[in-house]
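Peer 1: Structure provided below as structure tokens; questions to follow.
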Amino acid sequence: TTQPAFAMEVLAFTLFLFFLGSLSSAMRLAEGGGGALSTTTFGAGLMSITIKLGSAAPLLAAHSNSDELGPDVKVALQDMNNASFALTFFPLAAMLAAVALVAIRTAALPSWLGWAAAALSVGFAVGGLAGSADLASEWAGLPMVVFTAWVIAASVVLIRRAGTSTPLTRPAGA
């Protein structure tokens with residue numbers, strides 16, 4: 001990973017924290033009560049970032065000591081990063097399942113985003129299993145590509161609703 005690419009990745013994770021805060025806040029308002037699902041949304045999202053940021057350490061070590069490390073060590077460090085990528089899928093699956101449950105039952109997000117979250121949750125669970133079983137699995141990362149589009153769409157909805165009095169419950173029969 002190059003320095004600019006690494007910096008962009010860290011910036012994306014930092015911005016994702018703000019997204020998580022906004023998303024879980026919208027979920028909590030819509031969910032009411034104790035907010036167990038909105039708390040799950042925030043906690044699982046935070047867990048995925050923590051796993052991924054932690055996985056950068058072996059790569060940074062390999063990069064800064066590349067002349068001193070043997071090829072087997074470099075491969076092992078890269079495999080640690082790849083395994084961490086697959087492991088982030090499980091908390092993302094939990095996060096999206098919690099979002100789906102709230103969004104489908106309420107108007108916290110448009111219902112199509114709720115159903116997309118449900119589908120992505122399944123995709124992340126399957127992708128995580130595939131990626132954990134085979135670190136070289138090429139298709140296991142597909143949910144992350146779709147997730148990026150989902151985050152952008154959800155962000156647009158949350159930004160457009162900021163400061164408005166958009167109802168967060170669906171009308172009966174909707």
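The values are calculated or read from the model by the stated rules, or taken from the named source; none is laboratory data. The structure presented is a predicted model; accordingly, all values stated were derived computationally and were not measured. So basically every Cβ, Gly included, is an ideal-geometry build from the backbone, and we count neighbours across all protein chains shown. For accessibility, only protein heavy atoms count, side chains too; no ligands or nucleic acids. Shrake-Rupley method; radii C 1.70, N 1.55, O 1.52, S 1.80 Å.
Peer 1: Going by the structure shown, is SER38 part of a helix (DSSP H, G or I), closer than 20 Å to VAL157 by Cβ, of a type in the set (S, T, N, Q) and open to solvent by 40 Å² or more (accessible area, probe 1.4 Å)? Working first, answer last.
Peer 2: Working: part of a helix (DSSP H, G or I): yes; closer than 20 Å to VAL157 by Cβ: yes; of a type in the set (S, T, N, Q): yes; open to solvent by 40 Å² or more (accessible area, probe 1.4 Å): no.
It is false that SER38 is part of a helix (DSSP H, G or I), closer than 20 Å to VAL157 by Cβ, of a type in the set (S, T, N, Q) and open to solvent by 40 Å² or more (accessible area, probe 1.4 Å).
Peer 1: Then there is this: Quick test for you: out of ALA117, ALA100, ALA108, pick the one residue that is among the small types (Gly, Ala, Ser), part of a loop (DSSP other than H, G, I, E, B) and closer than 19 Å to LEU23 by Cα.
Peer 2: Unique residue meeting the criteria: ALA108.
Peer 1: Another one. If you take the residues in segment 23-56 that are of a type in the set (Gly, Ala, Ser) and within 14 Å of the chain's Cα centre (by Cα), which one is farthest from ALA162 (Cα to Cα)?
Peer 2: Per the criteria, the residue is SER48.
Peer 1: I've got another one for you. Go through segment 108-145 and give me each residue that's modelled with pLDDT of 95 or more, open to solvent by 60 Å² or more (accessible area, probe 1.4 Å) and either touching a helix residue (DSSP H, G or I) at 6+ places or on another chain (Cβ under 8 Å) or basic (Lys, Arg) (or both).
Peer 2: Across segment 108-145, the qualifying residues are TRP115, VAL122.
Peer 1: Is there a residue being over 15 Å from PHE85 (Cβ atoms) and more than 16 Å from the chain's Cα centre (by Cα) anywhere in segment 143-157?
Peer 2: For segment 143-157, residues over 15 Å from PHE85 (Cβ atoms) and more than 16 Å from the chain's Cα centre (by Cα): present.
Peer 1: Could you please tell me which pairs satisfy a Cβ distance under 6 Å, a separation of 6+ or placement on different chains, a first residue in segment 20-46 that is touching a residue at least 60 places away in the same chain (Cβ under 8 Å) and farther than 18 Å from ALA118 by Cα, and a second residue that is open to solvent by 20 Å² or more (accessible area, probe 1.4 Å) and part of a helix (DSSP H, G or I)?
Peer 2: Cβ pairs passing all conditions: SER22/LEU158.
Peer 1: Now for a separate question. So ALA56 passes all but one of these: (1) of a type outside the set (Phe, Trp, Tyr); (2) surrounded by 14 or more Cβ atoms within 10 Å (Cβ to Cβ); (3) within 30 Å of GLY114 (Cβ to Cβ). Which condition number does it fail?
Peer 2: Failed condition: (3).
Peer 1: Kindly provide the set of residues from segment 70-110 that are among the charged types (D, E, K, R) and under 21 Å from the mean Cα position of the chain (by Cα), ordered by number.
Peer 2: ASP79
Peer 1: What's the number of the condition ILE152 fails, among (1) touching a residue at least 40 places away in the same chain (Cβ under 8 Å); (2) open to solvent by 80 Å² or more (accessible area, probe 1.4 Å); (3) of a type outside the set (Gly, Ala, Ser); (4) closer than 26 Å to LEU15 by Cβ?
Peer 2: Evaluating ILE152 over (1) touching a residue at least 40 places away in the same chain (Cβ under 8 Å); (2) open to solvent by 80 Å² or more (accessible area, probe 1.4 Å); (3) of a type outside the set (Gly, Ala, Ser); (4) closer than 26 Å to LEU15 by Cβ leaves (1) as the failure.
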